[in-house]
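Visitor: First the structure, which I've put down as structure tokens, then a few questions once you've had a look.
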Amino acid sequence: MTKAMSREDFQQALLDKGQYYHIHHPFHIAMYAGKCTKEQIRAWVANRFYYQTSIPVKDAAIMANCRDPDIRRDWVQRILDHDGHKSLDCKWGGIEAWLQLAEAVG
């Protein structure tokens, strides 16, 4: 049987996962240093756009399987952030911003 970690060890183990966060990836570092080509930036935008369009679909699937209305109420904001909210007179969200970025980089 494995012994449970102490609170401090568990916290450190979680913090250690930060080294794998995207901001430490060599491409991300090169992009922020201005070392990527236009083609690389265009490919990154296209890839990131596809990823962003998948988020609200994934979030809706999670909500569809969640029985707790409090959690669903909190989670729905993630969908609205990406897709926009018609009743708030804001018909576009973050996905539209990615389309604008894609147009800007060609």
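The values are calculated or read from the model by the stated rules, or taken from the named source; none is laboratory data. Given the structure is predicted, the values throughout are model-derived calculations rather than measurements. Backbone-built Cβ (ideal geometry, glycine too); neighbour counts: all protein chains shown. With ligands, DNA and RNA removed, areas are computed over all heavy atoms of the protein, side chains included. Shrake-Rupley method; radii C 1.70, N 1.55, O 1.52, S 1.80 Å.
Visitor: Computing the accessible area with a 1.4 Å probe over protein heavy atoms, can you report the carbon and sulfur percentage for region 47-93?
Guide: For region 47-93, the apolar C and S fraction of the accessible surface comes to 55 percent.
Visitor: While we're here: Which value, in Å², gives the accessible area per residue of the chain when a 1.4 Å probe is used on the protein heavy atoms?
Guide: Averaged over the residues of the chain, the accessible area is 83 Å².
Visitor: Can you pull the accessible area of Ile79 for me, 1.4 Å probe, Å² to the nearest 10?
Guide: 30 Å²
Visitor: Using the C-alpha atoms of the chain, what convex hull volume per residue, in cubic angstrom, is computed?
Guide: 183 Å³
Visitor: Taking the chain as a Gaussian network, Cα atoms linked when under 10 Å apart, which of Gln19, Gln11, Gln40 shows the biggest mean-square fluctuation?
Guide: Between Gln19, Gln11, Gln40, it is Gln11 that shows the largest mean-square fluctuation.
Visitor: Also: What Kirkwood Rh does region 45-106 have if only Cα atoms enter the pairwise 1/r average? Answer in Å.
Guide: So the Kirkwood estimate lands at 12.5 Å.
Visitor: Run the 1.4 Å probe and let me know the accessible area of Trp92, rounded to the nearest 10 Å².
Guide: 130 Å²
Visitor: Taking the Cβ-Cβ separation of Trp44 and Asp68 as r and a Förster radius of 41 Å, what is the calculated FRET efficiency to the nearest 0.05?
Guide: Efficiency, rounded to the nearest 0.05: 0.65.
Visitor: Place a +1 charge on the Cβ of each Lys and Arg in the chain and a -1 charge on the Cβ of each Asp and Glu, then give the dipole magnitude about the Cα centre in debye, rounded to the nearest 20.
Guide: Computed charge dipole of the chain: roughly 180 debye.
Visitor: Report, in deg cm²/dmol and to the nearest 500, the calculated mean residue ellipticity at 222 nm for the chain, where each DSSP H run with n ≥ 4 adds -39500 (n - 2.57) and the sum is divided by the residue count.
Guide: Mean residue ellipticity, 222 nm, calculated: -21500 deg cm²/dmol.
Visitor: State, to one decimal in nm, how far the label point of Lys86 lies from the label point of Ser6, with both points 7 Å from Cα in the Cβ direction.
Guide: 5.6 nm
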